[in-house]
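What follows is a short report on a single structure.
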Amino acid sequence: MLRIAVYSCFFLSFAMAVTTFALKEKVDMTKKELMRTQRQIVETQQTLHILQAEWAHLNQPAYLQGIVKNHLSLNRTKGQQMQRWADARSQKPATVAALETATTGLVANRN
């Protein structure tokens, strides 16, 4: 009877040691994953901070005005360029008219 108690205690001690070791390893893995995630969060925050600073610089009116002057040739709108909305809707651009003509020819050839 004493032997069974000794073997039971030995087996129970061994099982507890294995369980404790497995739990310790799982905690270590979780701790490493947490540290890696925290590092990624810090890197992302730093990148976001840099991007926000760049965006603030790029959206400055003086900077944008310089870019517009260098790259766009904008002129004041003339009265001849204006037209009423109703007139604009009734007119078809030349490209649309050409496309309709080409499509009509293709449909006629199919039949």
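The values are calculated or read from the model by the stated rules, or taken from the named source; none is laboratory data. Keep in mind that this is a model prediction, so the values were computed, not measured. Note that each Cβ is placed from the backbone with ideal geometry, even for glycine, and that neighbours are counted across all protein chains shown.
Here are a few things to note about the model shown:
- Unique residue being modelled with pLDDT under 95 and under 32 Å from the mean Cα position of the chain (by Cα) when the list is Leu2, Leu34, Leu51, Leu72: Leu72
- Residue that is surrounded by 10 or more Cβ atoms within 10 Å (Cβ to Cβ), aliphatic (A, V, I, L, M) and either at pLDDT below 75 or part of a helix (DSSP H, G or I) (or both), where the choices are Val27, Val107: Val27
Here's the yes/no breakdown for (1) in a loop (DSSP other than H, G, I, E, B); (2) at pLDDT 95 or above:
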residue	(1), (2)
Val42	no, yes
Gln45	no, yes
Gln83	yes, no
Ala97	no, no
